[in-house]
């Protein structure tokens, strides 16, 4: 319409023009905001993609650490052929790593008529725990093979080594460790770990608390004042059961622990069997107890029986 009118039609035209200007301005502002938000979303998506790539890389790294740790753990375990050559004892062992590497450790060494058994548990998970376990195994073997027969000195030296390396690694890892030195029916027990189960040929069961025999390795530079020993007599037909808390603290779907009493009772009722058969019965019972529950820690078991008559190695 030409000209400017001041009647109702003019008012309507003026209002329409104002509305058109507002709508146009709003449309331009909305388009700008959409573009800005689109840019922001694209930037956020790039950041999310980058974070996902980092997370994937971290998961790959952690998986590699766990795999290396498991391999380290398996490599240092005594082989069945080694254990069969120890005619002073009937020995059966079992270790099953959890989904996350927990750091269980055991070893059996024979030299100069002695059998040295070690069992321990490293705190934490991953490569650091695996490295600490490997340090312990290497140091113990080196000390023993070089003639150090005093378990107290072995533990104290081992602790100094682990403590120094943990400090260098800036690691808070530590480990429990008990050493058992067996010779001709006598056992010298040193170091702190889980309770040691002694099973007599009669079926009687004794539990030896190791809390006062040592101190976790790697926490203090000097633990010599905490290390003690106790002597045990193992007659023909008697034996020892060693384990880590992966067995006694194994949970079922109701959160109930397997427990030490159940372990003792099962071992007692099957002690007439060979060490391998006892080991099989215990592991089967633990797995039945766990059921469908996720396993959170390594499961390690050693059964050692003194034969009624020493085995003879035929050449």
(request) Could you figure out which of (1) in a helix (DSSP H, G or I); (2) within 47 Å of the chain's Cα centre (by Cα) isn't true of residue 78? (result) (1)
(request) Given the conditions (1) farther than 20 Å from residue 247 by Cβ; (2) buried (at least 20 other Cβ atoms within 10 Å of the Cβ), report the number of the one that residue 114 does not fulfil. (result) (2)
(request) Given the conditions (1) without any contact (Cβ under 8 Å) to a residue 40 or more places away in the chain; (2) touching a strand residue (DSSP E or B) at 6+ places or on another chain (Cβ under 7 Å), report the number of the one that residue 196 does not fulfil. (result) (1)
(request) Considering (1) farther than 30 Å from residue 271 by Cβ; (2) touching a helix residue (DSSP H, G or I) at 6+ places or on another chain (Cβ under 9 Å); (3) not in a helix (DSSP H, G or I), say which one residue 149 fails and leave the rest. (result) (2)
(request) Confirm whether residue 248 is touching a helix residue (DSSP H, G or I) at 6+ places or on another chain (Cβ under 9 Å), in contact (Cβ under 8 Å) with a residue 12 or more places away in the chain and more than 20 Å from residue 176 (Cα to Cα). (result) no
(request) Would you check if there is a residue in segment 152-175 being crowded, with 17+ Cβ neighbours inside 10 Å, in contact (Cβ under 8 Å) with a residue 24 or more places away in the chain, part of a strand (DSSP E or B) and in contact with a strand residue (DSSP E or B) (Cβ under 8 Å, 6 or more places away or on another chain)? (result) yes
(request) Could you identify the single residue in 65, 17, 58 that is at pLDDT below 75, part of a helix (DSSP H, G or I), within 58 Å of the chain's Cα centre (by Cα) and not assigned by TED's automatic domain parsing to the domain that holds residue 175? (result) 65
(request) State which residue is modelled with the lowest pLDDT when the search covers only segment 120-144 and only residues that are touching a strand residue (DSSP E or B) at 6+ places or on another chain (Cβ under 7 Å) and part of a helix (DSSP H, G or I). (result) 129
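The values are calculated or read from the model by the stated rules, or taken from the named source; none is laboratory data. As the structure is a prediction and not an experimental result, all values here were calculated from the model. Cβ: placed from backbone, ideal geometry, glycine included. Neighbour counts: every protein chain shown.
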